[in-house]
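J.: Before I ask anything, here is the structure I am working with.
Bear in mind these aren't lab numbers, they're just calculated from the coordinates by the rules spelled out. Everything numeric in this text was worked out from a predicted model, so none of it was measured. Glycine also receives a Cβ, built like all others from the backbone with ideal geometry; neighbour counts cover every protein chain displayed.
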Amino acid sequence: MPKGIPRDSSIKQAVLHRLKIASGHLAKVIQMVDNGDYCPDVIHQSRAVQKAIKEADSVLLDNHLKTCVADQIKNGETEESLKEILKIFKNKQ
């Protein structure tokens, strides 16, 4: 089974879209810090970065579960699949 970025181009585009949003917000956070903007405003913008990244993660995880994990289970690789998923959730902050 191929590993890597989603096979479905619409999933890939959705992830890229969210990451580009995060990138734009991050650039704004950097600019705000450089300008010495009001801390709560910077935090608000920083949270927008985090939200966009979490949304990208969510799309990736959803796709991974529906495709890669489903394929692994069909191929009898349940243990490997479970270890992989547990690793994702154990590293979650």
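J.: With Kirkwood's inverse mean 1/r over C-alpha pairs for Rh, give me the Rg to Rh ratio of the chain, two decimals please.
T.: On the way: Rg = 17.2 Å, Rh = 15.1 Å.
On the Cα set of the chain, Rg over Rh gives 1.13.
J.: Can you give the FRET efficiency to the nearest 0.05 for Gln31 and Asp71, using r as the Cβ-Cβ distance and R₀ = 41 Å? Let's see the in-between values first.
T.: Details: r = 43 Å, r/R0 = 1.06.
Efficiency computed from Cβ-Cβ geometry: 0.40.
J.: For region 9-90, what is the relative contact order in percent, using Cα pairs closer than 8 Å and at least 6 residues apart in sequence? Kindly include the intermediate steps, with their values, before the conclusion.
T.: Values: 44 pairs, mean separation 27.9, N = 82.
After rounding, I find 34 percent.
J.: Determine the dipole magnitude for the chain: charges of +1 sit on the beta-carbon of Lys and Arg, -1 on that of Asp and Glu, nothing else is charged, the reference point is the Cα centre, and the result goes in debye to the nearest 20.
T.: Working: 15 positive and 12 negative charges, 15 e Å.
Dipole size: approximately 80 debye.
J.: Cross-chain or 8 or more residues apart, Cα under 22 Å: how many lysine pairs in region 9-90 fit that? Count them up, please.
T.: 21
J.: Further question on the same structure: Along Cα→Cβ, 7 Å out, is where each label goes; now give me the distance between the ones at Gln13 and Glu84 in nm to one decimal.
T.: Output for this residue pair reads 2.6 nm.
J.: Something else about it: Looking at region 5-54, which trypsin sites (Lys or Arg not before Pro) are DSSP coil and have at most 14 other C-beta atoms within 10 Å of their C-beta?
T.: Numbers: sites: Arg7, Lys12, Arg18, Lys20, Lys28, Arg47, Lys51, Lys54; in loops: Arg7.
Answer by residue number: Arg7.
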